[in-house]
Amino acid sequence: MPELSSEMWTHRYDNGQTGWDLGQPSNPLKAYIDTLKNKALRILIPGGGNGYEAEYLAATGFKKTVLLDWSQPPLNAFAARNPNFPHNQLICEDFFEHQSTYDLILEQTFFCAIDPSLRAAYAQKMHELLAPGGKLVGVLFNTTFAKEGPPFGGSDDEYRTYFEPYFHFHHFEACYNSIPPRAGNELWVELERR
């Protein structure tokens, strides 16, 4: 497995090795965002990369979105595309070091990018970052990959063991509106902090 470091991710961005990047908000998250009425929600997008979901949130009136990534180039690209987005809401930092409180955390390709040995710590950190009643929402890969990751796959049964101590499960099911290349391989999750 390659060393998963900020330098490794920066190298991938600098060399256009961004196969996970859709160039737009993911269908499932865009559909979910469209259901949100409270524009004052404090939202975190960890491992947010080029931040298309953050861009969509800003365009639809959400002003308290934080885009967090371990690599600076995608944050710079986002800032260049969105000059009016508050720069103090673009944070280059290790997710596990981040300190703040949010009402909603959007998951899009971050969980599958971290070392699988950190998955239990991920669930615990998500719980720490969310306010009481806050939600973790997004998609997880519900498949295994032939090539060594990232991305790293897994199964819904495995993932449940990480989240059950910290969250109530509202949705944990096959994703019905994935993009065609990911159809049948994604799990839609909507978890509420215990």
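Points to keep in mind about this one:
- Test: residue in the range 111-126 that is out of contact with any Cys (no Cβ under 6 Å at 6 or more places or on another chain), in contact (Cβ under 8 Å) with a residue 12 or more places away in the chain, closer than 22 Å to V66 by Cα and basic (K, R): yes
- Count - residues of the range 128-145 that are part of a helix (DSSP H, G or I) and touching a residue at least 24 places away in the same chain (Cβ under 8 Å): 1
- Checked against (1) modelled with pLDDT under 95; (2) small (G, A, S); (3) on the phi > 0 side of the Ramachandran plot, S5 meets all criteria but (3).
- Tallying residues that are assigned to a helix (DSSP H, G or I) and either crowded, with 20+ Cβ neighbours inside 10 Å or at positive phi (or both) within the range 75-113 yields 3.
- Tally, over the range 130-152, of residues that are closer than 16 Å to N177 by Cα, among the small types (G, A, S) and touching a Cys at 6+ places or on another chain (Cβ under 8 Å): 0
- Odd one out for K125, checked against (1) assigned to a helix (DSSP H, G or I); (2) among the basic types (K, R); (3) more than 16 Å from the chain's Cα centre (by Cα): (3)
- The set of residues in the range 44-74 being part of a helix (DSSP H, G or I) and either buried (at least 21 other Cβ atoms within 10 Å of the Cβ) or under 11 Å from the mean Cα position of the chain (by Cα) (or both) consists of Y52, E53, A54, L57, P74.
- For the range 149-187, a residue qualifies if it is among the aromatic types (F, W, Y) and surrounded by 15 or more Cβ atoms within 10 Å (Cβ to Cβ), and the qualifying residues are F152, Y159, Y162, F163, Y166, F167, F172.
The values are calculated or read from the model by the stated rules, or taken from the named source; none is laboratory data. These numbers were taken from a predicted model, which means no experiment stands behind them. Every residue, glycine among them, receives a Cβ derived from its backbone with ideal geometry; neighbour counts consider all protein chains shown.
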